[in-house]
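Just below is one structure, and these are the notes that go with it.
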Amino acid sequence: METIEHTAVYEQPQPLIAEGHDYGSITDKISSDVLEKKTPKSLFMAFAVTFSLVMLLLLSVTYLFFKGVGIWGIRIPIGWGFAIVNFVWWIGIGHAGTLISAILLLLHQQWRNSINRFAEAMTLFAVACAGMFPILHLGRPWVFYWIIPMPDTMRLWPNFRSPLVWDVFAVSTYATISLIFWFVGLIPDLATMRDRAKQKWKKIVYGMLAMGWRNSAKHWHRYETAYLLLAGLATPLVVSVHSVVSFDFAVGIVPGWHTTIFPPYFVAGAIYSGFAMVLSLVIPVRKLYHLEDFVTARHLDYMAKVMLATGLIVAYGYAIETFCAFYSGNRFEHDMMINRMFGPYGPFYWMLILFNIALPQLLWLKKFRQTPWLLFVMSIIINIGMWLERFVIIVSSLARDFVPSSWAIFVPTKWDWFTYIGTIGFFLMAMILFIRILPMISIFELRTLLPMSGKSNHE
Amino acid sequence: MATSFIHGLMAEFNTADEVLNAAQRASQNGYTEMDAYSPFPVEGLSEAVGFHKTRLPLIVLIAGLCGAVGGYFLQYYAAVIGYPLNIGGRPLHSWPSFIPITFELTVLCAGVTAAVAMIILNGLPMPYHPVFNVPAFERATRDKFFLCIEAADPKFDRAATENFLKSLHPVEISVVEK
């Protein structure tokens with residue numbers, strides 16, 4: 001009796017899966033989207049566009065290998081131009097996947113089950129884009145493997161005291177663990193696909209990938225243990241990766257880079273931009289594939305709240321950066337901050353404040369968190385804002401360092417833009433292929449959310 | 001059909017509670033060689049079919065420690081023995097700057113091992129298994145729950161076991177051919 005009174009008093013949140021679903025209907029919906037549904041026309045069109053952009057990327061890279069990095073706008077003192085801006089931007093976007101899969105798993109946030117597969121795939125492709133840039137940025141990209149420690153005829157070893165070497169280990173470990181985590185999560189669903197597929201060749205392909213998974217209770221036991229261990233390992237990893245990326249800057253002595261706030265503020269920024277990218281992708285796909293039953297307004301609301309929270313941490317980072325620049329009494333830090341705000345790159349700084357701090361405050365309003373198109377626009381704004389943040393940090397600091405005679409202005413060339421847009425094309429094309437050939441929502445984890453599973457939480 | 005040609009008897013259930021209850025009853029009745037199949041991990045089901053402990057965490061711990069020691073030694077060797085660089089008299093064994101890579105390699109070794117060991121301990125990849133011979137079994141990856149008492153069980157008797165499974169009120173009982 002009492003519980004009934006309680007429900008009358010408190011507003012009940014919507015269920016994580018719309019009413020009326022059972023194990024079978026969830027399985028059929030998500031698997032038939034891949035196996036039976038005719039590919040939507042708009043997906044074909046999007047594929048054509050993104051594929052052309054990948055061709056543009058290949059063209060830019062070919063020309064780059066032919067001519068060298070001089071085709072970009074980088075000129076000393078600005079040696080780190082778009083390539084590093086894009087690297088940090090992409091790797092930041094890649095942080096949402098593991099945060100959603102690992103950290104939210106450990107925190108028992110069951111709403112993650114509807115979006116983790118999708119976000120992990122996004123992570124993989126974003127990290128792939130990120131990984132391209134440092135290699136393309138090398139003067140001699142064909143010898144990139146010199147940074148890997150191995151005995152060679154010159155008896156050289158990498159300098160393990162350099163954050164750039166740490167970065168190679170951090171990013172490659174992150175890529176590997178994300179791939180493993182994603183694949184382990186896919187195994188039971190690949191078995192589902194194998195059993196749902198009607199054509200023989202599909203059965204064979206999914207069957208080989210599922211490796212004979214048969215849902216045995218003993219297997220599930222080891223599976224859950226392994227999944228939990230992977231989540232526990234990935235949690236500190238995700239924090240370490242962007243911390244190491246921030247060391248690339250913070251360990252240097254360039255004004256505007258050399259601050260201790262960088263690691264936490266970079267990690268928060270990474271999660272911020274990662275969730276923005278998840279929303280930018282999930283909102284159109286949800287509409288296109290009619291997934292409103294599984295990715296509900298409540299999911300969007302939660303993701304928007306995570307963005308709001310991490311956005312405020314980022315705002316705190318900006319504030320502390322500014323405060324320390326003036327409080328330190330360091331002439332170069334002081335001038336850097338004045339220059340960042342009112343110098344030649346001033347408009348970009350204020351644009352980033354507007355995009356990353358001012359406009360996202362609208363997320364305090366429920367309307368902006370739960371109306372898909374408004375949230376979509378907001379997520380695009382934040383993506384642009386986070387790109388501007390990296391641009392301002394990298395370019396405005398390098399453009400005006402210690403000696404005024406060597407100051408310069410960075411102007412990106414068309415090849416800078418082509419390479420950047422090309423990776424966006426690659427990223428989106430990979431996402432399109434992913435949603436077309438693999439179940440984009442974790443089916444077996446969604447089953448556990450149904451009330452009849454006995455596992456569903458009390459929320 | 002002689003007992004040696006069958007893998008076991010399989011009962012099909014509609015809910016997680018039913019299969020969990022069935023597995024517990026079978027265990028109480030003295031059956032030891034059995035397995036249950038469910039479309040998602042059901043809490044307590046592996047214990048009910050007699051599977052209590054996995055060595056997986058220990059293996060992962062050992063792999064992680066190997067990664068940590070190996071990663072640190074790699075850097076120590078390179079910086080102190082293989083290619084010592086005297087930079088203003090600073091110590092060659094500058095351990096704080098070796099920590100990030102030591103950490104990354106710990107996670108890398110432990111994580112890769114967790115996945116690979118899970119797959120190997122589970123006996124995968126296994127392209128063929130007798131349970132797939134039951135036509136209804138393909139719904140184990142959709143919405144049905146199964147309990148299979150295997151012929152290898154010392155208590156297994158074709159008729160008696162079938163009667164026992166019937167007492168659990170399954171949807172259907174099938175013979176699993178080898």
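Hey, does the range A:220-231 have a residue that's farther than 30 Å from B:GLU138 by Cα, surrounded by 20 or more Cβ atoms within 10 Å (Cβ to Cβ), at pLDDT 90 or above and under 25 Å from the mean Cα position of the chain (by Cα)? Steps first, answer last, please.
Taking the range A:220-231 first, the residues farther than 30 Å from B:GLU138 by Cα are none.
No - not one qualifying residue is present in the range A:220-231.
List every residue pair whose Cβ atoms lie under 6 Å apart, where the two residues are 6 or more positions apart in sequence or sit on different chains, the first residue falls within the range B:112-137 and is without any contact (Cβ under 8 Å) to a residue 60 or more places away in the chain, and the second residue, located anywhere, is outside any loop (DSSP other than H, G, I, E, B) and among the β-branched types (Val, Ile, Thr).
As it stands, the answer is B:THR113/B:VAL60; B:ALA114/B:VAL60; B:ALA115/A:ILE180; B:ALA115/A:VAL184, since those pairs meet every condition given.
So in the range A:270-314, with the set limited to residues that are hydrophobic (A, V, I, L, M, F, W, C) and not in a helix (DSSP H, G or I), which one is surrounded by the fewest Cβ atoms within 10 Å (Cβ to Cβ)?
Checked the range A:270-314; the qualifying residue surrounded by the fewest Cβ atoms within 10 Å (Cβ to Cβ) is A:LEU291.
Between A:PRO188, A:PRO236, A:PRO163, which is in contact with a Phe, Trp or Tyr (Cβ under 8 Å, 6 or more places away or on another chain), of a type outside the set (A, V, I, L, M, F, W, C), open to solvent by 30 Å² or more (accessible area, probe 1.4 Å) and at pLDDT 90 or above?
A:PRO236
Given the conditions (1) open to solvent by 20 Å² or more (accessible area, probe 1.4 Å); (2) facing another protein chain (nearest Cβ under 9 Å); (3) not in a helix (DSSP H, G or I), report the number of the one that A:TRP213 does not fulfil.
Just one mismatch for A:TRP213, condition (1).
So, B:LEU61, is that one more than 8 Å from every other protein chain (Cβ to nearest Cβ), within 29 Å of the chain's Cα centre (by Cα) and not β-branched (Val, Ile, Thr) or not?
So B:LEU61 fits the description; yes.
Which condition number does A:GLY317 fail, the rest of (1) closer than 17 Å to A:TYR265 by Cα; (2) buried (at least 21 other Cβ atoms within 10 Å of the Cβ) being met?
That leaves (2) as the condition not met.
Quick check on the range A:241-257. Is at least one of its residues in contact with a Cys (Cβ under 9 Å, 6 or more places away or on another chain), over 19 Å from A:ALA358 (Cβ atoms) and either of a type in the set (D, E, K, R) or without any contact (Cβ under 8 Å) to a residue 40 or more places away in the chain (or both)?
No, every residue in the range A:241-257 fails to be in contact with a Cys (Cβ under 9 Å, 6 or more places away or on another chain), over 19 Å from A:ALA358 (Cβ atoms) and either of a type in the set (D, E, K, R) or without any contact (Cβ under 8 Å) to a residue 40 or more places away in the chain (or both).
Right, A:ALA175: surrounded by fewer than 22 Cβ atoms within 10 Å (Cβ to Cβ), touching a residue at least 12 places away in the same chain (Cβ under 8 Å) and either facing chain B (nearest Cβ under 7 Å) or assigned to a helix (DSSP H, G or I) (or both) or not?
In short, yes.
Can you name every residue in the range B:101-143 that is farther than 28 Å from A:LYS203 by Cα and either more than 7 Å from every other protein chain (Cβ to nearest Cβ) or surrounded by fewer than 23 Cβ atoms within 10 Å (Cβ to Cβ) (or both)?
B:THR102, B:PHE103, B:LEU105, B:THR106, B:CYS109, B:THR113, listed by residue number.
Looking at B:TYR77, B:TYR37, B:TYR83 in this structure, which one is farther than 30 Å from B:MET10 by Cβ and modelled with pLDDT of 90 or more?
Testing whether each residue is farther than 30 Å from B:MET10 by Cβ and modelled with pLDDT of 90 or more leaves just B:TYR77.
Filter the range B:153-170 down to residues that are open to solvent by 80 Å² or more (accessible area, probe 1.4 Å) and either within 25 Å of A:SER25 (Cβ to Cβ) or in contact with a strand residue (DSSP E or B) (Cβ under 8 Å, 6 or more places away or on another chain) (or both), then give me how many there are.
Selection size over the range B:153-170: 3.
Conditions: (1) modelled with pLDDT under 90; (2) farther than 30 Å from B:ILE149 by Cα; (3) within 11 Å of another protein chain (Cβ to nearest Cβ). A:VAL254 meets all but one. Number of the miss?
(3)
Can you list the helices (runs of 4 or more DSSP H) lying wholly within the range A:4-104 that have 3 or more residues being of a type in the set (Ser, Thr, Tyr) and either touching a residue at least 12 places away in the same chain (Cβ under 8 Å) or open to solvent by less than 10 Å² (accessible area, probe 1.4 Å) (or both)?
A:23-35, A:41-67
The values are calculated or read from the model by the stated rules, or taken from the named source; none is laboratory data. Just so we're clear, the structure is a prediction, and the values are computed from it rather than from any experiment. For neighbour counting, all protein chains shown are included, and Cβ atoms are generated from backbone atoms with ideal geometry for every residue, glycine included. Surface areas here come from the heavy atoms of the whole protein model, side chains and all, with no ligands, DNA or RNA. Shrake-Rupley method; radii C 1.70, N 1.55, O 1.52, S 1.80 Å.
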